[in-house]
Amino acid sequence: MAYKTYYKIKNKSKYIGNHNNIVCRSLWERRVCRYLDENINILSWGSEEISIPYYSPIDKKNHKYFPDFIIEMKNNDGTTRTIIIEVKPKKQTTPPKKPKRQTKNFINECITFSINEAKWKSAEQFCKKKKWKFIILTEDDILP
């Protein structure tokens, strides 16, 4: 069963979008929500509030990618920057290792990685055009 909860925001004025519909699909996403909500250097943020078009190598069709977060952040020098954040298990950020025999699980992992890779390439291009930054956070970045 998939994890799904709603985050109850504390600083509504910082949130971009409907603050009553912030869906957390993992405990890691929930932790990131809390950080963004409570951090004074985060000027504004949203969860799945923008879409980025991408082409899937699996079904050969165009789709929309909704990154986990968009934030506007104040830098130490007083300037601001916009960052798109995706939260993923570390295992899904690298190509799957080929087992001795091909399993259904391995095929599914390959499909997931191919789709993610297409989404992330589109996100990087999208951000580059806007002079934004795209980052992927894993459990290594989120857990204490």
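Please go through the range 112-144 and give me each residue that is farther than 24 Å from Lys61 by Cβ, of a type in the set (Asp, Glu) and open to solvent by 70 Å² or more (accessible area, probe 1.4 Å), ordered by number. If you could, list the steps in order and put the result at the bottom.
Taking the range 112-144 and keeping what is farther than 24 Å from Lys61 by Cβ, we get 130-133, 135, 137-144.
Cutting the leftovers down to of a type in the set (Asp, Glu) gives us 139-141.
Within the range 112-144, Asp140, Asp141 qualify.
Can Trp45 be described as touching a residue at least 60 places away in the same chain (Cβ under 8 Å), among the hydrophobic types (A, V, I, L, M, F, W, C) and surrounded by 14 or more Cβ atoms within 10 Å (Cβ to Cβ)?
No.
Here is a yes/no grid of residues against (1) free of Cβ contacts under 8 Å to residues at least 60 places away in the same chain; (2) under 16 Å from the mean Cα position of the chain (by Cα); (3) over 19 Å from Asn116 (Cβ atoms); (4) outside any loop (DSSP other than H, G, I, E, B):
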{"position": "His19", "(1), (2), (3), (4)": "yes, no, yes, no"}
{"position": "Trp28", "(1), (2), (3), (4)": "no, yes, no, yes"}
{"position": "Cys33", "(1), (2), (3), (4)": "yes, yes, yes, yes"}
{"position": "Leu36", "(1), (2), (3), (4)": "yes, yes, yes, yes"}
{"position": "Ile50", "(1), (2), (3), (4)": "yes, yes, no, no"}
{"position": "Pro53", "(1), (2), (3), (4)": "no, yes, no, yes"}
{"position": "Pro57", "(1), (2), (3), (4)": "no, no, no, no"}
{"position": "Lys64", "(1), (2), (3), (4)": "yes, yes, no, yes"}
{"position": "Ile71", "(1), (2), (3), (4)": "yes, yes, yes, yes"}
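Here are the criteria: (1) out of contact with any Pro (no Cβ under 9 Å at 6 or more places or on another chain); (2) in a strand (DSSP E or B). Tell me which single one Glu86 does not satisfy.
Every listed condition holds for Glu86 apart from (1).
For the subset of the range 1-42 comprising residues that are of a type in the set (Ser, Thr, Tyr) and surrounded by 11 or more Cβ atoms within 10 Å (Cβ to Cβ), which member is nearest to Glu86 (Cα to Cα)?
Pass one, the range 1-42, residues of a type in the set (Ser, Thr, Tyr): 3, 5-7, 13, 15, 26, 35.
Checking the rest, the ones that are also surrounded by 11 or more Cβ atoms within 10 Å (Cβ to Cβ) come to 3, 5-7, 15, 26, 35.
Values: Tyr3: 17, Thr5: 17, Tyr6: 18, Tyr7: 17, Tyr15: 17, Ser26: 12, Tyr35: 15 Å.
Step by step, filter the range 1-42, then rank; the result is Ser26.
Would it be correct to say that Phe126 is at pLDDT 95 or above, in contact with a strand residue (DSSP E or B) (Cβ under 9 Å, 6 or more places away or on another chain) and not in a helix (DSSP H, G or I)?
So Phe126 fails the test.
Taking the conditions exactly as written (more than 20 Å from the chain's Cα centre (by Cα) and either in contact (Cβ under 8 Å) with a residue 24 or more places away in the chain or open to solvent by 80 Å² or more (accessible area, probe 1.4 Å) (or both)), does Arg101 satisfy them or not?
yes
What's the number of the condition Lys91 fails, among (1) more than 22 Å from Tyr3 (Cα to Cα); (2) open to solvent by 100 Å² or more (accessible area, probe 1.4 Å); (3) not β-branched (Val, Ile, Thr)?
The failed condition is (1).
The values are calculated or read from the model by the stated rules, or taken from the named source; none is laboratory data. Please read all numbers here as calculations on a predicted model, not as lab measurements. We place every Cβ from the backbone using ideal geometry, glycine too, and count neighbours over all the protein chains shown. Quick note on the areas: whole protein, heavy atoms, side chains included, nothing else; ligands and nucleic acids left out. Shrake-Rupley method; radii C 1.70, N 1.55, O 1.52, S 1.80 Å.
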